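Q: Sharing a structure here in structure tokens format.
The values are calculated or read from the model by the stated rules, or taken from the named source; none is laboratory data. Keep in mind the model is a prediction, meaning the values are calculated, not measured. Cβ: placed from backbone, ideal geometry, glycine included. Neighbour counts: every protein chain shown. Accessible surface is based on the protein model in full, side chains and every heavy atom, while ligands, DNA and RNA are left aside. Shrake-Rupley method; radii C 1.70, N 1.55, O 1.52, S 1.80 Å.
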Amino acid sequence: MSDRILIIEDEEKIARFIELELAHEGYKIQKSFNGREGLEMVENGHFDLVLLDIMLPELNGLEVLRRIRRTSEIPVIMLTARDAVMDKVSGLDMGADDYITKPFAIEELLARIRVCLKRKHIETAPEENSYILKAGRLSLDKSSHQVSYDGKPIELTNREFILLEVLLENRSIVLSRDTLLERVWGFDYMGETNVVDVYIHYLRNKIDDTVGEKIIETVRGVGYMIK
Ligand code: CA
């Protein structure tokens, strides 16, 4: 059964472009060009995920999100303008699952959609344990805050743990230094920008060197990922 995605985006060209790409990937798509109508469609339709622009006529995206969250846990990915840091923060605070900054590469949007839908399917399947993230023999348990390889515990500091968690939650997606900085250290981090590289180095010392396997990949000129 294909997943149903609602695009709420008033720039018709962008909405049409996303629609074509997602339809090509096999998703069932509907579109709305304004916030009020989009909200009604979420409330009355059976969607699996919503792509929600922030600057919208009638009702802005953050308000649409706020109203969706009164009644529904449907995954929502916000489409935000570059540099609209406050919008991202408010969106995540208000329960958005993820955001993507315009202009974006369609591959990144597709990857984020896959991650959100996968999480949703796991959460709605009661047999599965959504607190454990895995990559091969490496596993991270969010509830007990423990990391292990082949069952053997690996001691990490809190920051290292969060960095690993973000990488594992976005498996097979290359995360840029900026993205990692934002997600692990926060929007208001003012320190050295090479802190990401420093912590990746710590993680590699503790994980890769101990287990003798290269877990964290460097994608030159882009960032880091775990496959
Ligand atoms: Ca807009």
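Q: Whole number in Å², please: accessible area per residue of the chain, 1.4 Å probe, ligands, DNA and RNA not counted.
A: Ligands and nucleic acids excluded, the figure is 55 Å² per residue.
Q: Only sites in a loop by DSSP and with at most 14 other Cβ atoms within 10 Å count here; which trypsin sites (Lys or Arg not before Pro) in the stretch 158-217 make the cut?
A: Here the trypsin sites (Lys or Arg not before Pro) that fit, given the DSSP loop and packing criteria, are 214.
Q: At 0.36 nm per residue, and after removing the present C-alpha to C-alpha distance, how many nm does the segment from residue 218 to residue 119 gain when stretched out fully?
A: Numbers: separation 99, 0.36 × 99 = 35.64 nm, distance 2.51 nm.
Roughly 33.1 nm would be gained on extension.
Q: Roughly to the nearest percent, how much of the accessible area of the stretch 142-188 is carbon and sulfur, given a 1.4 Å probe? Walk me through the numbers on the way to the answer.
A: Working: 1020 of 2430 Å².
Carbon and sulfur together cover 42 percent of it.
Q: Per residue Cα convex hull volume for the stretch 13-62, in cubic angstrom?
A: So the per-residue Cα hull volume is 73 Å³.
Q: Ok, one more. How compact is the chain by the rule of thumb for globular proteins, expressed as Cα Rg over 2.2 N^0.38 Å?
A: After normalising by residue count via 2.2 N^0.38 Å, the value is 1.07.
Q: Could you work out the longest stretch of the chain that avoids the GluC sites (Glu not before Pro) located in DSSP loops with at most 15 other Cβ atoms within 10 Å?
A: The reported range is 74-126.
Q: Moving on to the next point. Rounded to whole Hz and in sequence order, give me ³J(HN,Hα) for the stretch 151-159 from the Karplus expression 6.51 cos²θ - 1.76 cosθ + 1.60, θ = phi - 60°, writing x for Gly and Pro.
A: Here the 3J(HN,Hα) series is x, 8, x, 10, 7, 10, 6, 4, 5 Hz.
Q: While we're on this one: Could you work out the Kirkwood radius for the stretch 26-154, taking every pair of different alpha carbons, averaging 1/r and inverting it, reported in Å?
A: Result for the stretch 26-154, one decimal place: 16.3 Å.
Q: DSSP loop chymotrypsin sites (Phe, Trp or Tyr not before Pro) in the stretch 147-208 with at most 13 other Cβ atoms within 10 Å of their Cβ, which ones?
A: 187, 189
Q: In addition: Please figure out what share of the DSSP beta bridges in the chain is antiparallel and state it in percent, rounded to the nearest 5.
A: Values: 17 of 35 bridges.
The antiparallel fraction comes to roughly 50 percent.
Q: Enumerate the whole-percent occupancy of each 10 Å bin, from 0 to the last occupied one, for all C-alpha pair distances of the stretch 37-88.
A: 24, 58, 16, 1
Q: Then there's this: Report, ordered by chain and residue number, the lysines lying within cross-link reach of residue 13, taken as a straight Cα distance under 19 Å and ignoring same-chain residues fewer than 8 apart.
A: 28, 31, 102
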